[in-house]
Amino acid sequence: MKFLRKRSGDLEAYLELTYENRSQRDQARELLVHLQYGFCAYSERYLKPLDSVEVEHFDPRKKNSDGDSIANWHAVLRWMNAHKARKIEPFLPLPELAELEVDRFTYERGEFICAEGDIEAINLLEFLGVNRPEVFEERAKHVKRVRRMRELCKTEEEFRTFLIDVSPDDLSFPTALEAELGIPAFEWILEANAAS
């Protein structure tokens, strides 16, 4: 959920980009991937070079309107975009992403959850499909693989160095890694991005 919120100062110079202009859309995709530290905004999976990454309109009602801009766009895996709900209306109200408080969401037993009665947060989870069975299963397999990689490393420092320097895609699903393995994944992601 942490890749959904954008800092407004990062976007001001790019508000004139249009989705209809292919080269501007490509420019927006590269910028969004950078602002999202190389991760899919919805699934939290690391975006690999061969992945099909799309510029996705969070609020589809704004597409091709005056209200559409990079502030409404996210870089997401094609699969996540194809499986996100097409109509937003059944999921309203949704939280305002510019002010999204990520502590409204927790991660337990393989799923993102929120407080009972937090209708906006519940709607957001359902709208984006972050707990779909396919995403749940991929997260679970990834956590299991990273757990095994950690066991194979001689020290925690060797493990950290491997993830940051050699295999940053293994920092996929950072919320799950933090919750299930106690790995400070977001801290390591920031460290990896500062070094590159």
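A short reminder: the numbers here are calculations on the coordinates, not readings from a lab. Being a predicted model, the structure only gives us computed values, none of them experimental. Positions of Cβ are generated from backbone atoms using ideal geometry, with glycine treated the same way; all protein chains shown enter the neighbour counts.
Here the calculated FRET efficiency for residue 7 and residue 154, from their Cβ-Cβ distance with R0 = 25 Å, stands at 0.05, rounded to the nearest 0.05. Summary value for the stretch 1-100: 34 percent relative contact order, contacts being C-alpha pairs under 8 angstrom separated by 6+ residues. With a Förster radius of 30 Å applied to the C-beta separation of residue 78 and residue 131, the computed FRET efficiency comes to 0.95. Working from label points 7 Å from Cα in the Cα-to-Cβ sense, the residue 96 to residue 34 distance is 2.8 nm.
Taken over the stretch 64-119, the ratio of Cα radius of gyration to 2.2 N^0.38 Å equals 1.35. Considering every alpha-carbon pair of the stretch 27-85, the percent of pairs per 10 Å bin, from zero through the bin containing the longest distance, is 26, 55, 19, 1. Entry note, the stretch 137-196: relative contact order of 32 percent, from Cα contacts under 8 Å with a spacing of 6+ residues. Extending 7 Å from the Cα toward the beta-carbon at both residue 145 and residue 191 defines two label points whose distance is 2.2 nm.
Among the aspartates and glutamates, select those whose C-alpha is under 18 Å from the C-alpha of residue 154, and discard any that sit fewer than 8 residues away in the same chain. Reachable aspartates and glutamates: 165, 170.
Computed as a quarter of the hull surface, the mean projected area of the alpha carbon convex hull for the stretch 1-107 stands at 7.1 nm². Loop exposure criterion: GluC sites (Glu not before Pro), DSSP state outside H, G, I, E and B, at most 16 other Cβ atoms within 10 Å. Applied to the chain, the longest stretch between such sites is 117-196. Any idea what diffusion coefficient the stretch 86-167 gets from Stokes-Einstein, in µm²/s, Kirkwood Rh on alpha carbon pairs, 10 °C, 1.306 mPa s? For these conditions, the coefficient is 105 µm²/s.
Sequence-distant contacts, meaning Cα pairs under 8 Å at least 6 residues apart, place the relative contact order of the chain at 20 percent. Geometric descriptor of the stretch 31-181, per residue, is 125 Å³ (volume of the convex hull of the Cα atoms).
The label-point distance for residue 103 and residue 26, in a model that sets each label 7 Å from Cα toward Cβ, rounds to 4.3 nm. Our note on the geometry: Cα centres of the stretch 60-120 and the stretch 1-47, 15 Å apart.
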